[in-house]
Structure formats: structure tokens, C-alpha cells
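Input: a single structure, listed below in C-alpha cells.
The values are calculated or read from the model by the stated rules, or taken from the named source; none is laboratory data. Everything quoted here is computed from the prediction, not taken from an experiment. Here the Cβ is made from the backbone with ideal geometry for all residues, glycine too, and neighbour counts use every protein chain on show. These area figures cover heavy atoms from the full protein model, side chains too; ligands, DNA and RNA do not enter into them. Shrake-Rupley method; radii C 1.70, N 1.55, O 1.52, S 1.80 Å.
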Amino acid sequence: MKKIYLDSAASTLIDDRVIDVMMQSMREDFGNPSATHSFGQEGKSRIEFARKIIANRLNVPANEIIFTSCGTESNNLIIRSCVENLNVKRIITSPLEHKCVLETVRDLKEKHPDIEIVFLPVKNQNGDLDLDALEEYLQENKPTLVSLMHANNEVGNLLELKPVAELCKKYNALFHSDTVQTLGHYPLDFSDIPIDFASCSAHKFHGPKGAGIAYIRKSTGLKGMITGGAQERNMRAGTENIYGIVGLGKSFELAMNELDERRKIIEELKRYTIDQLSLHIPEIKFNGNCTDFDKSIYTLVSVLLPFPNTMTGFQLDMRGIAVSQGSACASGAAKPSNTLLQLYTQEELDNTTTLRISFSHYNTKEEIDELVKVLLEIQQNAFNTIPVGND
Ligand code: PLP
């Protein structure tokens, strides 16, 4: 059975060119990068090379790029340190954030009951945030961190980063954006966007797991949370994951060099998927803004299928097709996700099936045809097995 991978928003296949540089680094860079001898220093220079590649692409000084283990760690570091080291007294965020932001915020509230947490209202069933409310909150003069994701990982809604960053700057609030789904897929220039903090994860753009960055604007004075060493400019103690960082640098460079070409392929696949699903399953609904190419990330489509969940993800998997059901990014569990519960009632979700189909440039239209064919069979079986009630 030929397997089909349509879950690249959860994680991506590692590019062979990335594996090659990582293998070379694993063989050669065994010295500790903090050591003063050449074995250590050669590894150290590879780390600094990766940092420069990323900094140049984001148009920021290299010392504003801090290597971490993943997007979750970066978001934790930034949000926790804002409260614990920068005296932030209020966090304005949204109910649509990734769990690693929501749970961090909840945890901080438990530990520091004096901080205020504000969840921006969701305006409509598409999941648009009420940004007028953001301005109203910001008018109250209070040390504030605004944390809003650039692209939602479940339905793909995009936030307009620059106007929101400018609004935060106008009111002297710190601005963090979880850019895990967009860095490596969009050419972001942080010299043009007054953002203070962002996060990135290599495994979302054909790099290795276990390697991410926290973008931290120097002028914020943010401090690290892990102590015990001077690595990463005192921001993250611990011997560096050289091979992961080398792989992150290479995968980011490739993603940026090949961005237009990859985007063209993926956008065409997304359009094709929307057209084919609409044609063959006319009652289908598309979640959030995912059919609007200006308002959603081009790498994913989120759908509500018109039949109750009959372990659809599992059935697709049995046929060799990997997609994400519910909030699979976090656990693989087919539970209604936090985001979907903001857009639909529990009853609406109980009578339907949600799938997130996410693409990479390795996918093909033939794979989408196979997905649609298998979904039609599953739909047919679902209707055949729905119990008929008594009159
Ligand atoms: N934020 C978003 C929007 C994500 O999609 C993910 C992915 O799972 C994360 C954060 C967590 O990233 P990581 O898997 O690198 O910890």
C-alpha cells in the first residue's frame, strides 16, 4: 500500500539535504561547543553560522535569535519570562491559541494570582478576533504582554501581524506572536514589523524535531529561564543541540530559498482539494477562513464532514492516509479541539467529523484524488451504519 502523508502542519518529512548536513555535523562536531579547543570551536562556529542565516532572513541582529528545543519551549520561555522578569501584569491573548500558550497562561495565573488574563472575544463563526476590543484594552495603562498567534494551527486563520504589532507599540505593550506555523512558510521581516517576540520550530519546515528558536528583541531586556551555564548568551543554559541547530539552519535556508516554488505547488494543491471536496461532498463545510487565501495559511484545509465521527482518522490511516483529526497536533487524540469548540456547538461537532488536511510540496494531486475517494467510501459506510429510529 502506498502511504499518503497529509499532516505536514503537525510535522514534516526531513529534507535529505538537511539530513546530510546533520550527519556530517554528528560525525565531526563531537566537541563541547563551550570548550576553547578546536573540536569545540568548530561546532560553535556551525551554531553561529546557523544563527546568522536565520537572523539575516528575518532581518534582525544575530544576538536576537535564541536556539531552543521547540516551539513549545520558546513560547513558554517568552511568556513566563515576561511575567517573572519584565513585570508584566496583564496578558491579552485569545481562546484560539495553541495549548502551549493557553496552558502556560493558565499556569502563570495560578502562580501569580495578581496578573490579569484577558481573552479577546471571537467575533464570528470564522474565528475572527475582535481587534477593536484589543485597542480598548490597551488604552488602560497597565504593563501588558499581547500574545496572539500568526496562523492558527487547526483552521489556518492568519492574523495581520504588522498592524497588531504597531497597535501594541502605540500603547507600549509587549507583543509576542506564536509564528510556529508561518516561519519557514512566509518571508517575515522583523525589522519592518515592530514585534518583540516570536517562536519557530524546525520540524514544521522539513527540519529536525528538537530544534526551534525564540526571537527575542534585545531592547525588551527579557531574561532566560534555565540557569546553569552561559550558553545562548545567558538565555538558555545547557550544552547546545549542535546537530539540531545545524539542521534547523539548513532547513530554514532551503525553505526561504525555495519559498515561492514550494508555495506555488502547495497553493495549487489546496485549491484542488477545496474544489474536489466541494464537488464530491457538497454538504461539506470549511472551517474558519481556510478557503480565503488572503486570510488563511496556504498549507492547510480544515473541514467539517456531514456525518458523525466514525473514527474517520483511523479508517483513513488503515488505508494508508494520514490526516489530523481534532487537535492532533498535541496528542493525536480525536477530541474536539479548543479552537473548534469556539466555532461550533458541541452538538454540531457531535454530528460531524472534523479533519485537518495539511500539505507539503512533496504531495500530489493524485494523493488528493485518493483521499477524496476513500472519504466518499467512509461517508457511504457511515450512512449505511447510522441506526434508523422508531417512528
Ligand atoms: N504553536 C503552534 C501554532 C503549533 O502548531 C505547534 C505545533 O505543534 C506548536 C506551537 C508547538 O511546537 P513544537 O511542536 O515545536 O513544540
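Looking only at residues in region 197-219 that are open to solvent by less than 20 Å² (accessible area, probe 1.4 Å) and in a loop (DSSP other than H, G, I, E, B), which one is nearest to the ligand (Cβ to nearest atom)?
Across region 197-219, the extreme among qualifying residues is 211.
Which one of these is assigned by TED's automatic domain parsing to the domain that holds residue 187 and loosely packed, with under 15 Cβ neighbours inside 10 Å: 36, 68, 72?
36
Quickly run through region 308-350 and pick out the residues that are in a loop (DSSP other than H, G, I, E, B) and at pLDDT 90 or above.
319, 320, 323, 344, 345, listed by residue number.
Return a yes/no flag: does region 93-106 have any residue that is within 16 Å of the ligand (Cβ to nearest atom), open to solvent by 70 Å² or more (accessible area, probe 1.4 Å) and either outside the structural domain of residue 200 (by TED's automatic domain parsing) or among the acidic types (Asp, Glu) (or both).
The answer is yes; a qualifying residue exists.
Please pick out the residue among 133, 165 that is in a helix (DSSP H, G or I) and open to solvent by 10 Å² or more (accessible area, probe 1.4 Å).
133
Please verify whether residue 164 is among the β-branched types (Val, Ile, Thr) and touching a Ser or Thr at 6+ places or on another chain (Cβ under 6 Å), treating the condition exactly as stated.
When the stated conditions are applied, residue 164 does not pass them.
Kindly check whether there is at least one residue in region 250-259 that is small (Gly, Ala, Ser), open to solvent by less than 30 Å² (accessible area, probe 1.4 Å) and part of a helix (DSSP H, G or I).
The answer is yes, given that some residue of region 250-259 is small (Gly, Ala, Ser), open to solvent by less than 30 Å² (accessible area, probe 1.4 Å) and part of a helix (DSSP H, G or I).
Which one of 188, 269, 222 is in the same structural domain as residue 67 (by TED's automatic domain parsing), away from the ligand (no atom under 16 Å from the Cβ) and either over 17 Å from residue 49 (Cβ atoms) or surrounded by fewer than 16 Cβ atoms within 10 Å (Cβ to Cβ) (or both)?
222
Scanning for something open to solvent by 10 Å² or more (accessible area, probe 1.4 Å), over 14 Å from residue 241 (Cβ atoms) and within 16 Å of the ligand (Cβ to nearest atom), does region 78-85 turn up at least one residue?
Yes, region 78-85 has at least one match.
Could you figure out which of (1) out of contact with any strand residue (DSSP E or B) (no Cβ under 6 Å at 6 or more places or on another chain); (2) buried (at least 21 other Cβ atoms within 10 Å of the Cβ) isn't true of residue 23?
Answer for residue 23: the failing condition is (2).
Please specify each residue of region 45-71 satisfying the condition of being in contact (Cβ under 8 Å) with a residue 40 or more places away in the chain and assigned to a helix (DSSP H, G or I).
Those that are in contact (Cβ under 8 Å) with a residue 40 or more places away in the chain and assigned to a helix (DSSP H, G or I): 46, 47, 49, 50, 51, 53, 54, 57, 58, 63, 64, 71.
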